[in-house]
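The values are calculated or read from the model by the stated rules, or taken from the named source; none is laboratory data. Everything quoted here is computed from the prediction, not taken from an experiment. A quick note on method: Cβ atoms are made from the backbone with ideal geometry, for glycine too, and the neighbour counts reach across all protein chains shown.
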Amino acid sequence: MKSEEFFDKGIWVPKGKPRNWFVYVAAYFIRPVFKVCFRYRVKGSEKLRALDGEPVVFVQNHVSFADPCITYVALYSRAGGTRVLARSSLYRPVAAGLLARAGAIPIDPDSADRTAIKRAAACLKRGENLLIYPEGTRMNRPDKVYHPHAGAVLIANMGKARIVPIGIKGPEKIMPYGKAKFIRFPRIYLNVGDPIDPKDKRFEEYPKKERSNAIINEVMDAVFKLRDEADK
C-alpha cells in the first residue's frame, strides 16, 4: 500500500517520524468513537504534507481538557510523532501514569522551567513534533484576558522548527462554563494554518528582547483567526 493510501485511510505516519505506539494505537481505535461523538472536521491538514520529515511546534488555543485528545485523534496520523507540554500540576496519581505513557512533558508555566524547555527542544531535534498551549491554562472564560508565554518560540528556535498554528472550535461546549456539570457532544472543528518560521527575516525589525513576544503574539493572532473560521 502506498503512503498516499495510508494517508487517505487516516493511518499514515510520515516517514522517519518516531512513533509512540501507545498513542498511535489508542488514536487508531478511539478515532471512530470520536468521529461519531464529536463529528470532527479538519481544515488545512494538507499543509502538513509539505512539512513531512521536518519537526514542527503546533500551537493551539486551549478551552477544554479534551483538546489534546481530540487533536491527537484528528491529526496524529497526519502529524507523525507528537508530544504535548502539560502543566506539572496535572501529574497526579493515575493521570501521571497516563500522561507519561502518552509522552507528555511536564512543565511549570509560572516559572522559567529550563528542564522542560531542554527536553522539549531535544524532542524536536530527534524529529518529534510538539503541541503547546502558550496561555498555560484553559481559556474557558471569555471575560478573562490571557497573555501567551513566549516559551514556544524559544523551544522552536532551539529545536530549529517552524510553528504551525491550529485553531480549535467546539470543545468549550463539552462542559460549558457556569452550566450544569454534564457532558455534551458538540461538533468539533480544527483549522490548520500556514507554518511560521521564527527565524524569518521580517522578525529582525524587532529588538531581540521584544522579538519572541512579537512572534508569539502573531502566532496567537493566527490561531484565533483560524478558530473563528474553523466552521466556515
- Message: Condition (residue is out of contact with any Lys or Arg (no Cβ under 6 Å at 6 or more places or on another chain), β-branched (Val, Ile, Thr), under 29 Å from Leu48 (Cβ atoms) and at pLDDT 70 or above) applied to region 81-102: is it met by at least one residue?
- Response: yes
- Subset of region 161-210 [free of Cβ contacts under 8 Å to residues at least 24 places away in the same chain and part of a helix (DSSP H, G or I)]: Lys173, Lys201, Arg202, Phe203, Glu204, Glu205, Lys208, Lys209, Glu210
- Answer from Ala156, Ala122 - the residue that is farther than 22 Å from Phe38 by Cβ, without any contact (Cβ under 8 Å) to a residue 40 or more places away in the chain and among the small types (Gly, Ala, Ser): Ala122
- Filtering region 1-48 down to residues that are among the β-branched types (Val, Ile, Thr) and at pLDDT below 60, which residue is surrounded by the fewest Cβ atoms within 10 Å (Cβ to Cβ)? Ile11
- Query: Looking at (1) touching a helix residue (DSSP H, G or I) at 6+ places or on another chain (Cβ under 7 Å); (2) among the small types (Gly, Ala, Ser); (3) within 15 Å of Leu130 (Cα to Cα), can you tell me which one Ser212 breaks?
  - Reply: (3)
- Those residues of region 50-74 which are within 12 Å of the chain's Cα centre (by Cα) and either among the aromatic types (Phe, Trp, Tyr) or at positive phi (or both), in sequence order: Phe58, Tyr72
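Regarding region 148-168, can at least one residue be identified that is over 29 Å from Gly53 (Cβ atoms) and of a type outside the set (Ser, Thr, Tyr)? Working first, answer last.
Within region 148-168, the first condition is being over 29 Å from Gly53 (Cβ atoms), and the residues that meet it are none.
No, region 148-168 has no match at all.
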- Message: Anything in region 158-204 that is in contact with a Ser or Thr (Cβ under 8 Å, 6 or more places away or on another chain), buried (at least 22 other Cβ atoms within 10 Å of the Cβ) and of a type in the set (Val, Ile, Thr)? List them, or say none.
- Response: Ile166, Ile168, Val192
